[in-house]
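Read the figures in this text as sums done on the coordinates, not as results from a lab. Remember, it's a predicted structure, so these values are computed and weren't measured experimentally. In this analysis, Cβ positions are derived from the backbone assuming ideal geometry, glycine residues included, and neighbour counts consider all displayed protein chains.
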Amino acid sequence: MTTSPTQAADQTVTSYSVSGMTCGHCVSSVTTEVSKLPGVADVDVDLASGTVTVTSHAPLEEAAVAAAVTEAGYELVPAAEAEPSAGSCCGTCH
Ligand SMILES: [Cu+2]
């Protein structure tokens, strides 16, 4: 008899706050860049709250995530300093 867990035990889920995202294009840009990080299994972005939830196979360096977000053109907000922000748009929103 075998057991097949539906959730991998070695997955880490971490949420980050990102400022500057204003539309679906922003979301896809951040998702694309963060998805490129080694070990990342899934990226979920909530545009309304600016929350980026990253599922990875190992704990991620926040600096690496921040670099990916910066690469996408946005800014990772340290959790302690997170607050609603009306950032600049990517230019494709309107
Ligand atoms: Cu946008």
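Summarised as an ellipsoid, the stretch 12-79 has semi-axes of 17, 11, 11 Å, derived from the eigenvalues of the Cα gyration tensor scaled by 5 and square-rooted, with the largest first.
If the segment from Cys23 to Asp42 were pulled out straight at 0.36 nm per residue, it would be longer than the present Cα-Cα gap by 4.9 nm. Net charge in the neighbourhood of Thr31 (other residues with Cβ under 13 Å of its Cβ; Lys, Arg +1, Asp, Glu -1) is -4.
What are the GluC sites (Glu not before Pro) within the stretch 49-80 that DSSP puts in a loop, where the Cβ has at most 13 other Cβ atoms within 10 Å? Sites meeting the loop and neighbour criteria: Glu61. The fewest-to-most ranking of Ser35, Ser17 by surrounding Cβ atoms within 10 Å reads Ser35, Ser17.
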